[in-house]
Amino acid sequence: MKFAEQSVVWPEIKEVARPFYEGMQQHKIMIQQCSNCSTHLPPAQLVCDHCGCDDLTWIEADGSGEIYTYVVYHRSFHPAFNDQVPYIVALVELKEGPRLMGQLKLKEGQAYKVGSTVVTRFQKIDKNNELLYFQLEDGDG
Amino acid sequence: MMERKAALSAITGLGMTEFTRDYHKPSWQLAVDAIGLAIKDAGLEHSDVDGLLLNKSPLAELADFPMEMQDYAGLSNLSLLNVVEAEGSSMVQTIQQATMAIQTGMATKVVCVFADTPLQGDKSAGEAFAVAMPMMGHLGIEIANGFYTPIAAYAMAAQRYLAVHDRTTDDLGAVAISNRRWAELNDLAKLRKPLTIEQYCEAPFLIEPLRMLDCAYPVNGGIAVVVTGVEQAKESPQPPAYIYGMGQGHAGNINRRGHQPEIETGAKQAGEIAYKMAGINASDIDACQFYDAFSISTLINLELYGLCGAGQAGEFVRSGETSPGGKLPVNTGGGHLSGYYLQGATPVSEAVIQLRHQAGARQVSKLDHMLVTGYGGRMQFHAALIMGQQERVQ
């Protein structure tokens, strides 16, 4: 593979998603809520898919949820992740309903499956950025 | 008993370039070759063609597959021209648009073409497809988590499917084996060595729960078809492959409780609309040509297109029903997994070959109704055709 050497991968943040990324810097998980029907929405939407309302507010989520599905990378597809293989990327359904993507970091010997309860943690991945990850509920922070 | 509907249109020309793992020429040039072969196959001249619908690969830039393809292919008499961009559902959508244009009189002989060159010398297939799949919309957090390649999006779907239905990866393996058994009978197929479940299980995971054997086998190549009206098709030198029904379903990518974009896709809606248009039920389908970029999608599509109960597709495939000699042949050329991955053009090409009775050792005998599908994105875009061999005049 001939990708450019790169140690950390960070997305170009779209304006509509900025409150989520600013939240992560303060160790908060920000989701959206429809002001008309109160549906909790995953970041970052412009319109509520339930009622069509475009008045959405950002709220802080509890940060706990369940593993909805996950994958395990047994091979790296980007040099920044070569050292991490094997690593787990999970879609977690937060208590409030929206689903978020993040890595699931296990302690030795921990078993997990779809439906396992997780909590959100944060790690500093470079001098400017904090990134969420998940741990099983009984894991220490 | 529903009333079977007369055909809406027919595919009368099929053009296929060589399918190679090495790079010979750019996509647009392969497209020009495929267009020429399809027009000739349909018994037409370039000047007869009045419609051109271009299916650009999602991997390619628009500049690589532009509207100017008209000029590259020597088509100067067009009353219909467009680039159809609906990811993996595009090829089926081009045929749907051609049919609608023919039905309304906007065009009479429409060429639909796909070509792609994911393998380019120093670039491996893995590298060509190693882009991040946009699962989370504007959030864009995928790459920060190392969530690269479409394989991962389908691995997410596979894990969800296996967990919800309490199944194992043996169900995925059954699909890979069924495809391989068909590929053994197809000279065009690229992977033809017999495959056993033991060999499948011994293969390492790529992105668990998917192995390399669960993924499409990419090639460079081009495929074009000519779509005409039913009357015009009677003059065709080749047996026409008729279209009776068409449908689309796009259920969105909604990542919250109450929605499961991984396993509750728009395929259901696409199928229901297409069956109704054709005047049939799912039980009337004799064979399927599914878009199968990954093994998991065949299981999900068998269920959502109403051909299997929920969670039962694995058993159905394992019992041999989709394999040669089974009661519902699926992906009879080996599909994308063992045949050749030219996105939506692969199932369309195999459908035409089968409906013409030109499939040799893998020919399916009863083909009153064949389901031909395409899907794209993380499986949120779907398009389907119901095809057959009879004009079915009313």
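From the list B:ALA267, B:ALA241, B:ALA216, the one residue that fits, being buried (at least 24 other Cβ atoms within 10 Å of the Cβ), more than 22 Å from B:THR169 (Cβ to Cβ), modelled with pLDDT of 95 or more and within 17 Å of the chain's Cα centre (by Cα), is B:ALA241.
If you filter region B:221-263 down to residues that are touching a residue at least 24 places away in the same chain (Cβ under 8 Å) and acidic (Asp, Glu), you find that the one that is nearest to the other protein chains (Cβ to nearest Cβ) is B:GLU262. Confirm whether B:PRO218 is within 30 Å of A:PRO86 (Cα to Cα) and either of a type in the set (S, T, N, Q) or more than 14 Å from chain A (Cβ to nearest Cβ) (or both). Yes; evaluated as a whole, the condition is true for this residue. Per the conditions (1) in contact with a Phe, Trp or Tyr (Cβ under 9 Å, 6 or more places away or on another chain); (2) within 13 Å of another protein chain (Cβ to nearest Cβ), the sole criterion not satisfied by A:LEU106 is (2).
The single condition from (1) surrounded by 12 or more Cβ atoms within 10 Å (Cβ to Cβ); (2) within 12 Å of chain B (Cβ to nearest Cβ); (3) part of a loop (DSSP other than H, G, I, E, B); (4) at pLDDT 95 or above that A:LEU46 fails is (1).
Looking at A:LEU100, A:LEU132, A:LEU94, A:LEU41, which is the one that is within 17 Å of the chain's Cα centre (by Cα), under 30 Å from B:ALA125 (Cα atoms) and crowded, with 21+ Cβ neighbours inside 10 Å? Steps first, answer last, please.
On the way: A:LEU132 fails: under 30 Å from B:ALA125 (Cα atoms); A:LEU94 fails: under 30 Å from B:ALA125 (Cα atoms); A:LEU41 fails: under 30 Å from B:ALA125 (Cα atoms).
Result of the check over A:LEU100, A:LEU132, A:LEU94, A:LEU41: A:LEU100.
Against the numbered list (1) within 12 Å of chain A (Cβ to nearest Cβ); (2) under 24 Å from the mean Cα position of the chain (by Cα); (3) among the hydrophobic types (A, V, I, L, M, F, W, C), B:ALA101 comes up short only at (1). Filtered by the rule that a residue be exposed (fewer than 13 other Cβ atoms within 10 Å of the Cβ), closer than 28 Å to B:ALA125 by Cβ and not charged (D, E, K, R), region B:38-80 gives B:LEU62, B:ALA63.
Restricting attention to region B:125-142, the residues that are crowded, with 19+ Cβ neighbours inside 10 Å and at the interface with chain A (Cβ under 7 Å from one of its Cβ atoms) total 6. Screening region B:63-174 for helices (runs of 4 or more DSSP H) wholly inside it with 1 or more residues that are modelled with pLDDT under 95 returns the ranges B:125-128, B:150-165.
Criterion applied to A:THR69, A:THR117, A:THR57 was being more than 11 Å from every other protein chain (Cβ to nearest Cβ), hydroxyl-bearing (Ser, Thr, Tyr) and within 16 Å of the chain's Cα centre (by Cα), and the one residue passing it is A:THR117. Any residue in region B:18-31 that is crowded, with 16+ Cβ neighbours inside 10 Å and in contact with a Pro (Cβ under 9 Å, 6 or more places away or on another chain)? Yes, region B:18-31 has at least one match.
The values are calculated or read from the model by the stated rules, or taken from the named source; none is laboratory data. The structure displayed is predicted, hence computed values, not measured ones. Methodologically, a virtual Cβ is constructed for each residue, glycine included, from the backbone with ideal geometry; neighbour enumeration extends over all protein chains shown.
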